[in-house]
Structure formats: structure tokens, C-alpha cells
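A quick write-up on the structure given underneath.
The values are calculated or read from the model by the stated rules, or taken from the named source; none is laboratory data. From a predicted model like this one, the values you see are computed outputs, not experimental measurements. Every residue, glycine among them, receives a Cβ derived from its backbone with ideal geometry; neighbour counts consider all protein chains shown.
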Amino acid sequence: MLHHIIFIAFLFWSAFGFLESFIFLLNENFIQHDLTHTYHMNLALSELIIGGISSSLAFIIATSISRQFRYKVDNKKHIYIDGLGILLGFAAVIFMYWILDIHSKFRTEI
């Protein structure tokens with residue numbers, strides 16, 4: 001039973017880390033320019049707003065996913081598993097961004 005709890009916690013926080021980083025990356029590309037130029041915000045404030053929006057949306061989505069599994073497992077907290085899951089999701093987004101960046105540079109050089 002403990003293995004199931006660890007797996008679900010790891011899955012939940014990996015999804016949260018992935019979603020938070022992915023939403024932040026999308027928002028930064030599309031919203032940050034509007035915040036800095038249209039609403040005359042500085043870069044730090046616009047990044048803070050984008051980070052807050054990204055975290056809240058990712059938490060809502062990841063919590064919705066975890067509720068599907070909640071009735072099957074005990075709801076115990078494992079802080080190290082949670083942290084590792086967030087780092088794994090964050091690393092997955094960075095790896096995907098890195099691969100896409102290399103692919104786009106490769107296509108433009110040909």
C-alpha cells in the first residue's frame with residue numbers, strides 16, 4: 001500500500017511541476033509583453049503575476065487529477081516525494097524546451 005501512496009504522490013507532484021512550468025512558459029511568451037508595454041509594469045512584477053497565475057492554474061488541474069485517485073489511497077503527505085515530483089515535472093519541461101530549441105536552431109541553419 002505504501003508503494004501506491006508514493007507513486008500517486010509522485011505522479012501528482014510531477015504533473016503539478018510539469019503543468020506549472022509549461023503554463024509559465026506559455027504565459028511568459030504571450031502575456032509578458034502585454035503586461036510590460038500595455039500596462040506599464042516592470043519585468044519583476046509581470047513575472048510575479050505570471051508565476052502566480054501559472055501556479056494557481058497548475059494546482060487546480062493537478063488537484064483535479066489527484067481527486068480521481070484519492071478514494072483508492074490514503075492521503076498521507078511525503079514532503080521529499082512531493083519535492084522530487086515537482087523537480088521531475090520542471091525538468092521535463094526544460095528538457096522538452098531544450099529539444100525544441102535545438103530543433104528550431106537546426107532547421108534555421110539548413
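Considering each of Ile53, Ile6 in turn, give the residue that is closer than 25 Å to Ile79 by Cα, at pLDDT below 85 and among the hydrophobic types (A, V, I, L, M, F, W, C).
Ile6
For region 20-49, how many residues are part of a helix (DSSP H, G or I) and either under 12 Å from the mean Cα position of the chain (by Cα) or exposed (fewer than 11 other Cβ atoms within 10 Å of the Cβ) (or both)?
Qualifying residue count, region 20-49: 13.
Inside region 92-107, can you point out the residues that are in contact with a helix residue (DSSP H, G or I) (Cβ under 8 Å, 6 or more places away or on another chain) and surrounded by fewer than 15 Cβ atoms within 10 Å (Cβ to Cβ)? Working first, answer last.
First pass over region 92-107, keeping only residues in contact with a helix residue (DSSP H, G or I) (Cβ under 8 Å, 6 or more places away or on another chain): 92-94, 97.
Result: Ile94, Tyr97.
Mind listing whichever residues of region 40-54 are within 11 Å of Ile23 (Cα to Cα) and of a type in the set (S, T, N, Q)? Explain how you work it out, then say what you get.
Of the residues in region 40-54, the ones within 11 Å of Ile23 (Cα to Cα) are 50-54.
Scanning region 40-54 gives a single hit, Ser54.
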